[in-house]
1. Would you confirm whether any residue within region A:73-83 is at pLDDT 95 or above, buried (at least 22 other Cβ atoms within 10 Å of the Cβ) and more than 22 Å from A:Pro58 (Cβ to Cβ)?
2. Within region A:1-16, count every residue that is within 13 Å of chain B (Cβ to nearest Cβ) and open to solvent by less than 50 Å² (accessible area, probe 1.4 Å).
3. Any idea how many residues of region A:173-208 are out of contact with any strand residue (DSSP E or B) (no Cβ under 9 Å at 6 or more places or on another chain), closer than 20 Å to A:Gly236 by Cα and of a type in the set (S, T, N, Q)?
4. Of the numbered conditions (1) in a helix (DSSP H, G or I); (2) farther than 29 Å from A:Lys207 by Cβ, A:Leu283 satisfies every one except a single condition; which is it?
5. Quick one: is B:Asp93 out of contact with any helix residue (DSSP H, G or I) (no Cβ under 9 Å at 6 or more places or on another chain), without any contact (Cβ under 8 Å) to a residue 60 or more places away in the chain and closer than 15 Å to B:Val155 by Cβ?
6. I'd like the full set of residues that are within 14 Å of chain A (Cβ to nearest Cβ) and under 15 Å from the mean Cα position of the chain (by Cα), limited to region B:19-39.
7. Just to be sure I understand, how many residues within region A:1-59 are over 22 Å from B:Asn65 (Cα atoms) and among the hydroxyl-bearing types (Ser, Thr, Tyr)?
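The values are calculated or read from the model by the stated rules, or taken from the named source; none is laboratory data. This one's a predicted model, so the numbers in the text were calculated from it and none came from an experiment. Heads up, the Cβs are rebuilt from the backbone with ideal geometry, glycines too, and the neighbour counts pull from every protein chain shown. Heads up: the accessible areas ignore ligands, DNA and RNA and are worked out on the full protein's heavy atoms, side chains in. Shrake-Rupley method; radii C 1.70, N 1.55, O 1.52, S 1.80 Å.
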Amino acid sequence: MVPRKFEYFAPTSLKDATSLLKKHGSDAKVLAGGMSLIPVMKLRLGSPAYIVDINRIPGLDYIKVAGKSVSIGALTRHHTIETSKLVRDKLGILAETAGWIGDPQVRNMGTIGGSLSHCDPSGDWGAAILAVRGSVRVKGPSKERVLEIDDFLVDTFTSALKDDEILTEVSVPLPPPRSGGAYVKLERRSGDFATAAVAVQVSLDAKGVCSYAGIGLTALGSKNLRASKAEAALLGNPLTAKAIEEAAEAAAEDAQPTPDPLRGSAEYKTEMARVYTKRGIELAVQRAKKVK
Amino acid sequence: MAKASKQTVSEGLQRVTLTINGKSYSRDVEPRLLLVHFIRDVAELTGTHVGCETSNCGACTIILNGKSVKSCTMFAVQAAGAKIETIEGLAKDGELHPIQNAFWENHGLQCGFCTPGMIMQAYWLLKENPNPTDDEIRMGLTGNLCRCTGYQNIVKSVRAAAKEMR
């Protein structure tokens, strides 16, 4: 499998990269980890004339606490996030999500920025970043902007990035004490795209009442979706078995799956949205109760 | 990664210089040349196999700057300046690497097509985690497919290699 010919650039600054993107417009594509883009090019589902490889740009690979948030550079590999002590301690849901992506070799190359920018409805990061209400920083040739993840994820393979913009950073608010998260995924076999997956982040107050709920869905719509009804069913309530069951049923209403000939009918996926939301909330609550 | 060689050598080609198993290779290539083809056709190191070509099977697994990657899902130009290790680099002075030896001793292969990828992935896995459980070995090898063995003896081989290497 050989991709069509293209011209390759490896700029060493964001300034150079964005000006290349500006010059070549929609004929250019950013290459980060390449775990989606290169298969797309090899299968000739897409054949960009210009490839702008951003891996030579320094300073885009980091995980750090910045104020009340954790900031993750766009070129941070999934494996780095999966194994980061900071992430595991503060935002376990992100480490868990990273561990579900592809296989170890893919996680060694693939990046959080690339995955989010690709906007695959079966991508795992979108759901997790929805659950924790993260934001993304994007840089163009002349200005920078910050978008809430809900505004960044537009549609299937469509983000809010303009042709000349690059996602540079993902930022996630540090959760309060008594918070927990989980990413639960149903896949046909190890390393496959999700049949359905659910990201859940909750916080409890001192009395055990839910003070924060974030739920993101994978492979259950035209993009990663926020399960708003399910979140509303949790927020402000003690997380009893009944409340969790009601939220799971609400998540099945939030889901808008299309039938997938390989991974199941819309009916099946809807039912899996319910089952996995229930499991995800239960796990998140368990973890929230252990975190002081 | 190390710095790129940016000069265009002749039209449509780019100079790629990289190191494989300690030896430097340099060639002007099309940007669309996959790294695995650079390794097999330019460096003539054919131990790295091309299996599925769709990033599933892991037969093309190599170590790039210390991390295992699938060399069929990377362009050679991306690896300019990189240090690469392949299956040919494991044996030293005619002595098999402990992982190679463990696959030999434990019948970790039948047809052998997946073996270079399996061994390179195991090599990375044992660097990350020198004392893995069977579950961790299986999870570590999820990106490598074997159609012969049923994996039992591959897991056994990696377990034996881990013990030998500790």
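1. No: region A:73-83 contains no residue that is at pLDDT 95 or above, buried (at least 22 other Cβ atoms within 10 Å of the Cβ) and more than 22 Å from A:Pro58 (Cβ to Cβ).
2. The qualifying residues number 7.
3. Total meeting the criteria: 0.
4. (2)
5. In short, no.
6. B:Leu34, B:Leu35, B:Val36, B:His37, B:Phe38
7. 5
Yes or no, residue by residue, for (1) in contact with an Asp or Glu (Cβ under 7 Å, 6 or more places away or on another chain); (2) over 30 Å from B:Cys57 (Cβ atoms); (3) open to solvent by less than 10 Å² (accessible area, probe 1.4 Å):
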{"position": "A:Lys207", "(1), (2), (3)": "no, yes, no"}
{"position": "A:Ala227", "(1), (2), (3)": "yes, yes, yes"}
{"position": "A:Ala230", "(1), (2), (3)": "yes, yes, yes"}
{"position": "A:Ala247", "(1), (2), (3)": "no, yes, yes"}
